[in-house]
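Written out below as structure tokens is the structure these notes cover.
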Amino acid sequence: MIEWLPRRPFEGDGWSGLGPPRKGGAMPHAGIVQGGPGVVVPVRPLDLRLGSLRGDGFAVLVGGGFAWNGIGLHHVYIASAIGALFALGGARRAGHRLIASRRHPSLSLGETGVETGGLFVPWSGVEEVVTFHARGMDAEGKKRTWNHLALRVRDFDAVVGLPPSRAGLANLTRRRLLLVAEASELTDPRTVASALRLLVKRPEARLLLSGPEGVRLLTHGALHGGGLS
């Protein structure tokens, strides 16, 4: 998933109204990432069929649709048509549902990079971890805040899983964000975000991902006893 549209003036930086970690949720565990050992972070996909969204939330859903494997450079006119539908009150809701249906959020971390939503980006291509929120209405007409976790990439050319045509389009985006998940799709989003920031900032920490300490990093946070904080 790629955030395609620029943010609005009323965009939200950081998460807002995020509750405590979900009790009884699936926890990170050891797994295989790009053929090697790593840590799999369970993501529970939410039903994001929204009534209306402002700012970033709108951009998230449009970006998710543009990044879907079925839409390439030769289908830009389809994306443009969807954008036009969003401008129409009633059709906007249908457009949200169509795009949200293409989401397949996931997150796995290995020594060489991050695997999310069917794409793989090497650590060298990740600039920083970004958290932001948007307020809007869900499909039932209730007000809600949507908190999103994303990775800012240097460019999309090195992202495995994106054909050159789609990578070229994605490079035109202002923020170059690879969207990972909505915060409530993760059991403990704060710990995951903190661990991701550490892994981006401290390359030596990525060596932990091949063993049990990597799982602990994603479940309990920075390992002070191991020299990481």
Positions within the range 130-144 being in contact with a helix residue (DSSP H, G or I) (Cβ under 9 Å, 6 or more places away or on another chain) and either at pLDDT 95 or above or open to solvent by less than 50 Å² (accessible area, probe 1.4 Å) (or both), in sequence order: 131, 132, 133, 134, 136, 139
Hey, residue 161 in contact with a Leu (Cβ under 6 Å, 6 or more places away or on another chain), open to solvent by 20 Å² or more (accessible area, probe 1.4 Å) and at positive phi or not: yes
Top-ranked residue in the range 20-42 [being small (Gly, Ala, Ser) and touching a residue at least 24 places away in the same chain (Cβ under 8 Å); ranked as farthest from residue 113 (Cα to Cα)]: 25
Some residue of the range 110-117 being crowded, with 17+ Cβ neighbours inside 10 Å, out of contact with any strand residue (DSSP E or B) (no Cβ under 9 Å at 6 or more places or on another chain) and modelled with pLDDT under 95: no
Check on residue 199, of a type in the set (A, V, I, L, M, F, W, C), at pLDDT 95 or above and open to solvent by 50 Å² or more (accessible area, probe 1.4 Å): no
Residue within the range 168-177 that is among the small types (Gly, Ala, Ser), closer than 13 Å to residue 131 by Cβ and open to solvent by less than 40 Å² (accessible area, probe 1.4 Å) present: no
Contacts under 8 angstrom Cβ, first residue in the range 193-211 being farther than 18 Å from residue 116 by Cα and in a helix (DSSP H, G or I), partner aromatic (Phe, Trp, Tyr) and open to solvent by less than 60 Å² (accessible area, probe 1.4 Å), 6 or more apart: 203/123
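The values are calculated or read from the model by the stated rules, or taken from the named source; none is laboratory data. Please read these numbers as outputs of a predicted model, since none were measured by experiment. For neighbour counting, all protein chains shown are included, and Cβ atoms are generated from backbone atoms with ideal geometry for every residue, glycine included. We work out accessible area using only protein heavy atoms, side chains counted, and drop any ligands, DNA or RNA first. Shrake-Rupley method; radii C 1.70, N 1.55, O 1.52, S 1.80 Å.
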